[in-house]
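Quick notes on the structure that follows.
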Amino acid sequence: MRQKMLIVKIIASILIVLTITGCPWVSFYVEPETVTFGETSVRETIRIVFSKSGNWSWEAETSNTWLKLSKDGGITSASKIEGSLSGGKVQQLDLIADRTSIPNGTSIGEVIIKGVGDTKKVTVSITKPGTVNISISPLSLDFGTITTELEANIANQSTIKTNWGVTIPSNAGWLSVTPASGEVPAGQSVTLRFRVNRSGLAVGVYQTTVKITAGSQEISLPVTMEVSALKVTPNEMQFGLIEQQAQQTLKVSNLGTQQVSIQIEVASEAQSWLSVQNAQFNIPPS
């Protein structure tokens, strides 16, 4: 008897289960990835785009209290919004900033956007300029009839440095200032030197108002100067060490239109060695 061998082939089927998170065949993009509000803007825009056709869900969220998100042009806004988008279409999201709730300086925030198993981050920055607060002292300048130079101080009481400038009216050519503009750091001050020139001016009182500006702030500084009807020459006397120079002459002139009564007094600390002859008299107009 012949024996036959039967070879049986058994084919085993192996089931492989793949777990896929998201949709690897589709991706989405967000642009721009960095948003800057600067110092004035309150609304900026980003865009979401999916690469494949279909109806894809997305959600966007921010944890920054000064920032809100809107998908309907600002009609409604919230910290977290969501929606769906067909592939190839563009979803516009408005980023709306509340400037009243941010501190001075630059604040950094972010918007997190999720879709098809992926996450995108948009970095957001906003700057709130510090409030300029300056003061001037003294609050007014009075040169009287003799003084030719006075000082005033600008104090920067804010937390940021600021540029400043001084404007003298064009009809006050008798007044000048140094410096006329500059920068003052936070918490510091700068000294202004005002000078008057009475040469060639008629007798009388001269007044003007100087404007000092720093940022959006403006301060008025009233200035008064008088040209006296009296002219005294010389302005200074030096007796020196020579005995023969024990007497000198002081000339007093009346430049006004009315008679002037004159009285000359010697300072108490000089009365022991200095005296005046004819210390009281009247001068008619010239």
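Below are the figures for this structure:
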read-out: Segment 28-128, relative contact order [Cα under 8 Å, separation at least 6], %; value: 36
read-out: For the chain, diffusion coefficient by Stokes-Einstein and Kirkwood Rh (Cα), 10 °C, 1.306 mPa s, µm²/s; value: 57
read-out: Given charges at Cβ of Lys, Arg, Asp, Glu: the chain dipole, positive-most of 194, 115, 166; value: 115
read-out: For segment 135-286, with +1 on Lys and Arg beta carbons and -1 on Asp and Glu, the positive-most of 210, 283, 260 along the dipole; value: 210
read-out: Spin-label pair residue 135/residue 41, simplified geometry with 7 Å Cα→Cβ offset, distance in nm; value: 3.9
read-out: Karplus-derived HN-Hα couplings along segment 181-196 (A = 6.51, B = -1.76, C = 1.60, θ = phi - 60°), whole Hz, x at Gly and Pro; value: 6, x, 10, 10, x, 4, x, 10, 9, 9, 9, 9, 10, 9, 10, 10
read-out: In nm, spacing of pseudo-spin labels at residue 241 and residue 218 (7 Å Cα→C-beta vector); value: 6.0
read-out: Rounded to whole Hz, the Karplus (6.51, -1.76, 1.60) HN-Hα couplings of segment 261-275, x for glycine and proline; value: 8, 10, 9, 9, 10, 9, 4, 4, 6, 10, 5, 6, 10, 10, 9
read-out: Once exposed loop chymotrypsin sites (Phe, Trp or Tyr not before Pro) are cut out (DSSP; at most 16 other Cβ, 10 Å), longest piece of the chain; value: 26-238
read-out: Other-chain or far-sequence residues with amide H under 5 Å of residue 133's (modelled H); value: 157, 158
read-out: Additional length obtainable on full extension of the chain from residue 189 to residue 171, 0.36 nm per residue less Cα span; value: 3.6 nm
read-out: Rounded to the nearest 20 debye, dipole of the chain from Cβ charges on Lys, Arg, Asp, Glu; value: 2160
read-out: ³J(HN,Hα), Karplus 6.51/-1.76/1.60, whole Hz, each residue of segment 107-124, x for Gly, Pro; value: 10, 10, x, 8, 10, 9, 10, 10, x, 6, x, 10, 10, 10, 10, 10, 8, 10
read-out: Under 16 Å from the Cα of residue 89 - lysines, other chains or at least 8 residues apart; value: 52, 71
read-out: Cα gyration tensor, segment 134-227 - rounded (a/c under 1.5), prolate or oblate; value: prolate
read-out: Amide hydrogen neighbours beyond the local backbone of residue 206, cut-off 5 Å, H modeled; value: 225, 226, 227
read-out: Residues whose placed amide H lies under 5 Å from that of residue 255, excluding near-sequence neighbours; value: 230, 231
read-out: Cβ-placed point charges (K, R +1; D, E -1), dipole of segment 134-227 about Cα centre in debye, nearest 20; value: 120
read-out: Computed over the chain: relative contact order in percent, which uses C-alpha pairs under 8 Å that are six or more apart; value: 12
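None of the figures in this text is laboratory data; all of them are computed from the coordinates on show. This structure is a prediction, so every number in the text was calculated from the model and none was measured. Note that we place each Cβ from the backbone using ideal geometry, even for glycine, and neighbour counts take in every protein chain shown.
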